[in-house]
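**Q** If you scroll down you'll find the structure; I have some questions about it.
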Amino acid sequence: MKARLPPLLLLPLFLPGLATAAPSGRDIVLHGNANGALPCAACHGANGAGKPATGAPALAGLPAGQISAALANMAQGHGGTALMQSIAAALSPAEAAAVAAYFAALPKP
Ligand code: HEC
């Protein structure tokens, strides 16, 4: 007789699929993405307040449209550092929108 797996144990199998369907801005900010984007928090701070030591400006509380426009520009090789350009290029449009919304919702430093 086989033991039945409790259905909850199967849940993690489906979570990656869910993440692809609706990217979490917070996850990307804290952990980067599977496409090689580094975690934004490493340079911009987990609270989005920026880190002078890394030269990364504050993003918290900026309009989401401004953040996604900057990301779209950098993804095309305009503005920012070479590293920031490669990070922006590693985000899908949906992921860029998700991180922009996440930072925009944080309180201004
Ligand atoms: C390795 C450090 C580093 C990481 C990781 C990083 N950034 Fe940056 N980012 C920078 C630096 C440095 C700048 C300033 C570049 C400049 O202005 O020349 C910058 C600039 C930006 C800007 C432009 C701000 C403006 O006002 O023009 C945005 C938007 C941005 N980063 C978003 C992100 C997002 C979103 C992530 C994560 C997916 C991220 N960054 C990850 C270092 C980093």
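Each value in this text was obtained by applying a stated rule to the coordinates, not by laboratory testing. Source: prediction; values computed, not measured. Heads up, the Cβs are rebuilt from the backbone with ideal geometry, glycines too, and the neighbour counts pull from every protein chain shown.
**Q** How far is it, in nm, from the label point at T54 to the one at L30 when both lie 7 Å from their Cα along the line to the Cβ?
**A** Going from the T54 label point to the L30 one covers 1.5 nm.
**Q** What is the distance, in nm, between label points placed 7 Å from the Cα along the Cα-to-Cβ direction at A89 and at A42?
**A** 1.7 nm
**Q** Now for a different question. Kindly provide the pair-distance distribution of the stretch 23-105 built from C-alpha pairs, with 10 Å bins from 0 and whole-percent values in order of increasing distance.
**A** 21, 61, 18
**Q** Mean shadow of the stretch 32-75, computed from the convex hull of its alpha carbons, in nm²?
**A** 3.3 nm²
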